[in-house]
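Step one of this worksheet: look at the structure below.
The values are calculated or read from the model by the stated rules, or taken from the named source; none is laboratory data. Just so it is clear, the structure is predicted and the values come from calculations on it, not from any experiment. So basically every Cβ, Gly included, is an ideal-geometry build from the backbone, and we count neighbours across all protein chains shown.
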Amino acid sequence: FFVKVISSRTYPTEKCNSENLKGDLLHSGDHYVIRDGQEYYNMMPVWDWDLLPGVTWSPQAGKRVARSPFVGGVSDGRGGLTAMDYRFGGGKDKPRPELRARKAWLCHGDLVVCLIGDLTTSGISAPVRTALDQCRLRGAVTVGDGRGRRTISGGGPAAAAAGRKVGRLVARGPHELTDVRWLHHHDVAYLMLDPSQLTLKTGPVTGSWRSINRGLPDGRASDRVFMPVLEHGTGAKDRSTGYVIAPGIAAEQAARLASRLPFDLLSNDARCQAV
(Lines give C-alpha, C1' and ligand atoms only; values in the text may rest on other atoms or scores of the structure.)
Protein backbone atom coordinates (compact mmCIF):
# COMPACT_ATOMS: atom_id res chain seq x y z
CA PHE A 1 0.00 0.00 0.00
CA PHE A 2 1.22 3.49 -0.75
CA VAL A 3 -0.35 6.93 -0.70
CA LYS A 4 0.72 10.09 -2.55
CA VAL A 5 0.42 13.47 -0.83
CA ILE A 6 1.76 16.99 -1.27
CA SER A 7 2.75 19.68 1.23
CA SER A 8 4.20 23.18 1.31
CA ARG A 9 7.63 21.49 1.27
CA THR A 10 7.15 19.43 -1.89
CA TYR A 11 6.30 20.03 -5.53
CA PRO A 12 3.37 18.64 -7.54
CA THR A 13 3.75 15.82 -10.03
CA GLU A 14 5.44 17.13 -13.18
CA LYS A 15 3.16 17.98 -16.09
CA CYS A 16 5.02 19.19 -19.18
CA ASN A 17 6.10 18.29 -22.73
CA SER A 18 2.50 17.21 -23.48
CA GLU A 19 2.87 14.38 -20.95
CA ASN A 20 0.74 13.55 -17.90
CA LEU A 21 -2.15 15.47 -19.46
CA LYS A 22 -4.74 14.23 -16.97
CA GLY A 23 -2.62 13.97 -13.83
CA ASP A 24 -3.88 17.06 -11.99
CA LEU A 25 -5.17 15.03 -9.03
CA LEU A 26 -2.03 12.96 -8.54
CA HIS A 27 -0.54 13.63 -5.07
CA SER A 28 -4.04 14.54 -3.76
CA GLY A 29 -4.22 11.62 -1.35
CA ASP A 30 -4.39 8.95 -4.06
CA HIS A 31 -3.53 5.48 -2.80
CA TYR A 32 -2.84 2.09 -4.35
CA VAL A 33 -2.83 -1.54 -3.20
CA ILE A 34 -0.28 -3.69 -5.03
CA ARG A 35 0.04 -7.44 -4.46
CA ASP A 36 1.38 -8.80 -7.76
CA GLY A 37 2.00 -5.72 -9.93
CA GLN A 38 -0.89 -6.35 -12.33
CA GLU A 39 -3.51 -4.29 -10.51
CA TYR A 40 -2.81 -1.02 -12.36
CA TYR A 41 -0.38 -2.10 -15.08
CA ASN A 42 -1.20 -0.17 -18.29
CA MET A 43 -4.55 1.00 -16.87
CA MET A 44 -3.69 4.68 -17.29
CA PRO A 45 -5.30 5.26 -20.73
CA VAL A 46 -8.63 3.83 -19.55
CA TRP A 47 -8.67 5.38 -16.06
CA ASP A 48 -11.24 7.92 -14.95
CA TRP A 49 -8.66 10.45 -13.75
CA ASP A 50 -11.27 12.34 -11.73
CA LEU A 51 -11.70 9.25 -9.54
CA LEU A 52 -8.18 8.22 -8.65
CA PRO A 53 -8.21 5.76 -5.73
CA GLY A 54 -8.34 7.57 -2.40
CA VAL A 55 -9.01 11.08 -3.70
CA THR A 56 -11.99 12.87 -2.13
CA TRP A 57 -13.24 15.37 -4.69
CA SER A 58 -16.08 17.23 -6.39
CA PRO A 59 -15.88 18.76 -9.89
CA GLN A 60 -16.72 22.24 -8.58
CA ALA A 61 -13.75 22.20 -6.21
CA GLY A 62 -11.16 22.60 -8.97
CA LYS A 63 -8.17 20.33 -9.49
CA ARG A 64 -5.48 21.98 -7.40
CA VAL A 65 -5.15 20.62 -3.88
CA ALA A 66 -3.75 23.10 -1.35
CA ARG A 67 -0.14 22.62 -0.28
CA SER A 68 -0.53 22.67 3.48
CA PRO A 69 2.35 22.50 5.99
CA PHE A 70 0.50 19.85 8.03
CA VAL A 71 1.15 16.89 5.74
CA GLY A 72 3.48 13.97 6.31
CA GLY A 73 4.03 10.52 7.73
CA VAL A 74 5.68 8.68 10.61
CA SER A 75 6.62 5.04 11.20
CA ASP A 76 8.22 2.90 13.88
CA GLY A 77 9.16 0.17 11.40
CA ARG A 78 6.13 -1.97 12.21
CA GLY A 79 3.26 0.42 11.57
CA GLY A 80 2.82 3.97 10.46
CA LEU A 81 0.49 6.74 9.50
CA THR A 82 0.19 9.54 6.99
CA ALA A 83 -1.91 12.66 7.61
CA MET A 84 -3.04 15.40 5.25
CA ASP A 85 -4.72 18.73 5.95
CA TYR A 86 -6.88 18.51 2.86
CA ARG A 87 -8.37 21.37 0.86
CA PHE A 88 -9.43 22.24 -2.67
CA GLY A 89 -10.47 25.77 -3.64
CA GLY A 90 -11.36 28.43 -1.12
CA GLY A 91 -9.24 31.53 -0.56
CA LYS A 92 -9.46 34.76 1.43
CA ASP A 93 -8.96 37.41 -1.25
CA LYS A 94 -11.25 35.84 -3.83
CA PRO A 95 -13.57 33.27 -2.26
CA ARG A 96 -14.13 30.20 -4.41
CA PRO A 97 -16.00 26.92 -3.96
CA GLU A 98 -14.19 24.95 -1.28
CA LEU A 99 -13.87 21.35 -0.17
CA ARG A 100 -11.88 20.61 2.97
CA ALA A 101 -11.27 17.67 5.29
CA ARG A 102 -8.77 16.02 7.58
CA LYS A 103 -7.47 12.79 6.09
CA ALA A 104 -5.37 10.08 7.69
CA TRP A 105 -4.13 6.65 6.63
CA LEU A 106 -3.12 4.43 9.55
CA CYS A 107 -1.26 1.20 8.79
CA HIS A 108 -0.98 -1.54 11.39
CA GLY A 109 -0.56 -5.25 10.85
CA ASP A 110 -2.44 -6.22 7.70
CA LEU A 111 -4.91 -3.33 7.81
CA VAL A 112 -5.00 0.22 6.48
CA VAL A 113 -7.53 2.46 8.23
CA CYS A 114 -8.48 5.39 5.97
CA LEU A 115 -10.13 8.25 7.87
CA ILE A 116 -11.98 11.24 6.43
CA GLY A 117 -12.83 13.74 9.15
CA ASP A 118 -14.47 17.17 9.21
CA LEU A 119 -15.51 16.87 5.55
CA THR A 120 -17.08 20.24 4.71
CA THR A 121 -18.00 22.00 1.47
CA SER A 122 -19.07 25.55 0.66
CA GLY A 123 -20.30 26.86 -2.67
CA ILE A 124 -20.47 23.31 -4.03
CA SER A 125 -23.73 21.73 -5.19
CA ALA A 126 -22.22 18.71 -6.99
CA PRO A 127 -21.76 15.44 -5.07
CA VAL A 128 -18.50 14.70 -3.26
CA ARG A 129 -17.04 11.26 -3.93
CA THR A 130 -14.10 9.10 -2.89
CA ALA A 131 -13.01 6.19 -5.08
CA LEU A 132 -11.87 3.27 -2.93
CA ASP A 133 -9.97 1.75 -5.84
CA GLN A 134 -9.76 1.77 -9.64
CA CYS A 135 -7.85 -1.34 -10.59
CA ARG A 136 -8.12 -4.12 -13.15
CA LEU A 137 -11.21 -6.30 -12.70
CA ARG A 138 -10.04 -9.81 -11.90
CA GLY A 139 -12.86 -12.15 -10.96
CA ALA A 140 -15.95 -11.78 -8.83
CA VAL A 141 -16.89 -8.89 -6.57
CA THR A 142 -18.72 -9.78 -3.36
CA VAL A 143 -20.81 -7.17 -1.56
CA GLY A 144 -22.00 -7.38 2.03
CA ASP A 145 -24.90 -5.07 2.85
CA GLY A 146 -28.03 -4.95 4.97
CA ARG A 147 -29.56 -7.74 2.85
CA GLY A 148 -26.65 -10.13 3.32
CA ARG A 149 -24.08 -11.13 0.74
CA ARG A 150 -24.24 -11.10 -3.04
CA THR A 151 -21.66 -11.58 -5.74
CA ILE A 152 -21.28 -9.47 -8.86
CA SER A 153 -19.78 -11.32 -11.80
CA GLY A 154 -16.41 -10.35 -13.13
CA GLY A 155 -16.75 -12.91 -15.88
CA GLY A 156 -15.24 -16.36 -16.28
CA PRO A 157 -15.60 -19.64 -14.39
CA ALA A 158 -13.88 -18.35 -11.25
CA ALA A 159 -16.52 -15.65 -10.87
CA ALA A 160 -19.34 -18.12 -11.41
CA ALA A 161 -17.86 -20.47 -8.82
CA ALA A 162 -17.56 -17.60 -6.35
CA GLY A 163 -21.18 -16.68 -6.96
CA ARG A 164 -22.36 -20.20 -6.21
CA LYS A 165 -20.28 -20.23 -3.04
CA VAL A 166 -21.18 -16.96 -1.36
CA GLY A 167 -24.56 -15.94 -2.75
CA ARG A 168 -26.62 -14.73 -5.67
CA LEU A 169 -24.67 -13.93 -8.85
CA VAL A 170 -25.48 -10.46 -10.20
CA ALA A 171 -24.65 -9.23 -13.71
CA ARG A 172 -21.60 -7.05 -14.13
CA GLY A 173 -21.93 -3.35 -14.86
CA PRO A 174 -22.73 -0.19 -12.90
CA HIS A 175 -24.50 -0.74 -9.59
CA GLU A 176 -25.97 1.69 -7.07
CA LEU A 177 -25.44 0.11 -3.65
CA THR A 178 -26.89 1.19 -0.31
CA ASP A 179 -26.24 0.13 3.28
CA VAL A 180 -22.90 -1.37 2.24
CA ARG A 181 -20.80 -2.86 5.04
CA TRP A 182 -17.99 -4.37 2.96
CA LEU A 183 -16.79 -5.33 -0.53
CA HIS A 184 -14.32 -7.97 -1.66
CA HIS A 185 -12.40 -8.29 -4.92
CA HIS A 186 -9.31 -10.35 -5.82
CA ASP A 187 -8.36 -11.10 -2.20
CA VAL A 188 -8.69 -7.48 -1.06
CA ALA A 189 -11.51 -6.34 1.23
CA TYR A 190 -12.85 -2.82 1.65
CA LEU A 191 -14.70 -2.40 4.97
CA MET A 192 -16.91 0.60 5.71
CA LEU A 193 -16.72 2.28 9.11
CA ASP A 194 -20.44 3.05 8.75
CA PRO A 195 -23.11 1.57 6.45
CA SER A 196 -22.50 3.51 3.24
CA GLN A 197 -23.81 4.32 -0.20
CA LEU A 198 -21.51 3.23 -3.01
CA THR A 199 -21.48 3.29 -6.78
CA LEU A 200 -19.74 0.23 -8.20
CA LYS A 201 -18.48 0.02 -11.75
CA THR A 202 -17.32 -3.35 -13.06
CA GLY A 203 -16.70 -4.14 -16.70
CA PRO A 204 -15.16 -2.87 -19.94
CA VAL A 205 -13.53 0.55 -20.28
CA THR A 206 -11.76 2.12 -23.25
CA GLY A 207 -9.38 5.01 -23.90
CA SER A 208 -6.18 5.91 -25.70
CA TRP A 209 -2.58 6.50 -24.69
CA ARG A 210 -2.53 9.76 -26.64
CA SER A 211 -5.20 11.18 -24.32
CA ILE A 212 -2.59 11.24 -21.53
CA ASN A 213 0.59 11.69 -23.61
CA ARG A 214 0.59 13.47 -26.97
CA GLY A 215 3.74 11.61 -28.02
CA LEU A 216 2.07 8.19 -27.93
CA PRO A 217 -0.05 6.45 -30.60
CA ASP A 218 -3.77 7.16 -30.80
CA GLY A 219 -4.79 3.51 -30.94
CA ARG A 220 -7.63 2.26 -28.80
CA ALA A 221 -6.83 0.76 -25.40
CA SER A 222 -9.34 -1.42 -23.59
CA ASP A 223 -9.51 -3.25 -20.28
CA ARG A 224 -11.92 -4.12 -17.47
CA VAL A 225 -12.16 -2.05 -14.31
CA PHE A 226 -13.17 -2.55 -10.69
CA MET A 227 -14.12 0.85 -9.28
CA PRO A 228 -16.09 1.20 -6.03
CA VAL A 229 -16.89 4.84 -5.21
CA LEU A 230 -17.97 6.07 -1.78
CA GLU A 231 -20.78 8.62 -2.24
CA HIS A 232 -20.70 11.47 0.30
CA GLY A 233 -23.65 13.33 -1.23
CA THR A 234 -23.99 17.11 -1.21
CA GLY A 235 -23.84 19.84 1.40
CA ALA A 236 -21.29 18.16 3.63
CA LYS A 237 -20.60 19.87 6.97
CA ASP A 238 -18.30 18.47 9.66
CA ARG A 239 -18.94 15.01 8.24
CA SER A 240 -16.81 12.07 9.35
CA THR A 241 -16.49 8.71 7.65
CA GLY A 242 -13.88 6.24 6.50
CA TYR A 243 -13.04 2.73 5.41
CA VAL A 244 -10.53 -0.05 5.98
CA ILE A 245 -8.46 -1.83 3.35
CA ALA A 246 -7.61 -5.44 4.22
CA PRO A 247 -5.47 -7.24 1.61
CA GLY A 248 -4.85 -10.97 1.43
CA ILE A 249 -8.18 -12.28 2.73
CA ALA A 250 -11.12 -14.24 1.31
CA ALA A 251 -14.70 -12.99 1.13
CA GLU A 252 -15.74 -15.13 4.10
CA GLN A 253 -12.97 -13.57 6.19
CA ALA A 254 -14.04 -10.10 5.06
CA ALA A 255 -17.56 -10.71 6.34
CA ARG A 256 -16.26 -11.80 9.74
CA LEU A 257 -13.82 -8.91 9.96
CA ALA A 258 -16.48 -6.35 9.05
CA SER A 259 -18.79 -7.65 11.77
CA ARG A 260 -16.16 -6.95 14.42
CA LEU A 261 -13.30 -4.65 13.48
CA PRO A 262 -10.18 -5.27 15.61
CA PHE A 263 -9.83 -1.66 16.73
CA ASP A 264 -11.81 1.18 18.30
CA LEU A 265 -12.33 4.47 16.51
CA LEU A 266 -11.44 6.99 19.21
CA SER A 267 -11.83 10.21 17.24
CA ASN A 268 -12.31 11.37 13.67
CA ASP A 269 -12.93 15.11 13.60
CA ALA A 270 -11.16 18.43 13.01
CA ARG A 271 -9.16 18.16 16.23
CA CYS A 272 -8.03 14.54 16.29
CA GLN A 273 -8.05 11.36 14.22
CA ALA A 274 -7.15 8.28 16.24
CA VAL A 275 -7.85 4.56 16.48
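Determine which member of the set 206, 234 is closer than 12 Å to residue 46 by Cβ, of a type in the set (S, T, N, Q) and in contact with a Ser or Thr (Cβ under 9 Å, 6 or more places away or on another chain).
The match here is 206.
Hey, can you tell me all the residues within the stretch 172-204 that are under 22 Å from residue 1 (Cα atoms) and among the small types (Gly, Ala, Ser)?
Of everything in the stretch 172-204, just one residue is under 22 Å from residue 1 (Cα atoms) and among the small types (Gly, Ala, Ser), namely 189.
Yes/no matrix, rows are residues, columns are (1) surrounded by fewer than 16 Cβ atoms within 10 Å (Cβ to Cβ); (2) in contact (Cβ under 8 Å) with a residue 12 or more places away in the chain; (3) not hydrophobic (A, V, I, L, M, F, W, C):
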| position | (1), (2), (3) |
| --- | --- |
| 61 | no, yes, no |
| 64 | yes, yes, yes |
| 83 | no, yes, no |
| 86 | no, yes, yes |
| 125 | yes, yes, yes |
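Can you find a residue in the stretch 82-95 that is modelled with pLDDT under 95 and either touching a helix residue (DSSP H, G or I) at 6+ places or on another chain (Cβ under 6 Å) or polar (S, T, N, Q) (or both)? I'd like the intermediate steps shown before the answer.
Keep residues of the stretch 82-95 that are modelled with pLDDT under 95, which gives 89-95.
Right, trim to either touching a helix residue (DSSP H, G or I) at 6+ places or on another chain (Cβ under 6 Å) or polar (S, T, N, Q) (or both) and you get 89.
Scanning the stretch 82-95, I find at least one residue that is modelled with pLDDT under 95 and either touching a helix residue (DSSP H, G or I) at 6+ places or on another chain (Cβ under 6 Å) or polar (S, T, N, Q) (or both), so the answer is yes.
Looking at 258, 251, can you tell me which residue is at pLDDT below 95, buried (at least 19 other Cβ atoms within 10 Å of the Cβ) and farther than 29 Å from residue 22 by Cβ?
Numbers: 258 fails: at pLDDT below 95.
After applying the criteria, what remains is 251.
Pick out the one residue from 140, 101 that is buried (at least 21 other Cβ atoms within 10 Å of the Cβ), under 20 Å from residue 175 (Cβ atoms) and either of a type outside the set (D, E, K, R) or modelled with pLDDT of 95 or more (or both).
On the way: 101 fails: under 20 Å from residue 175 (Cβ atoms).
Every option except 140 fails the conditions.
If I ask for residues that are surrounded by 12 or more Cβ atoms within 10 Å (Cβ to Cβ) and under 21 Å from residue 71 (Cα atoms), which ones from the stretch 231-244 would you list?
Within the stretch 231-244, 239, 240, 241, 242, 243, 244 qualify.
Go through the stretch 174-207 residue by residue and tally those that are surrounded by fewer than 17 Cβ atoms within 10 Å (Cβ to Cβ) and within 21 Å of residue 39 (Cβ to Cβ).
Here is the first cut: in the stretch 174-207, the residues surrounded by fewer than 17 Cβ atoms within 10 Å (Cβ to Cβ) are 174, 176, 178-179, 194-195, 197, 204, 206.
Next, only the ones that are within 21 Å of residue 39 (Cβ to Cβ) stay: 174, 204, 206.
Final tally of qualifying residues: 3.
If only one of 200, 193 is under 20 Å from residue 80 (Cα atoms) and part of a strand (DSSP E or B), which one is it?
Values: 200 fails: under 20 Å from residue 80 (Cα atoms).
Of the residues listed, the single one that is under 20 Å from residue 80 (Cα atoms) and part of a strand (DSSP E or B) is 193.
What is the one condition in (1) at pLDDT 95 or above; (2) in contact with a strand residue (DSSP E or B) (Cβ under 7 Å, 6 or more places away or on another chain) that residue 177 does not satisfy?
(1)
Would you check if there is a residue in the stretch 211-230 being outside any strand (DSSP E or B) and under 27 Å from residue 70 (Cβ atoms)? Break it down stepwise before answering.
As a first pass, look at the stretch 211-230 and keep what is outside any strand (DSSP E or B): 211-212, 214-219.
From what is left, the residues that are under 27 Å from residue 70 (Cβ atoms) are none.
No, because not a single residue in the stretch 211-230 is outside any strand (DSSP E or B) and under 27 Å from residue 70 (Cβ atoms).
Restricting to strands (runs of 3 or more DSSP E) lying wholly in the stretch 6-125: which have 2 or more residues that are touching a Cys at 6+ places or on another chain (Cβ under 9 Å) and within 28 Å of residue 187 (Cα to Cα)? Reasoning before the result, please.
On the way: elements: 30-32, 71-75, 80-89, 98-108, 111-122.
Correct list: 30-32, 80-89, 98-108, 111-122.
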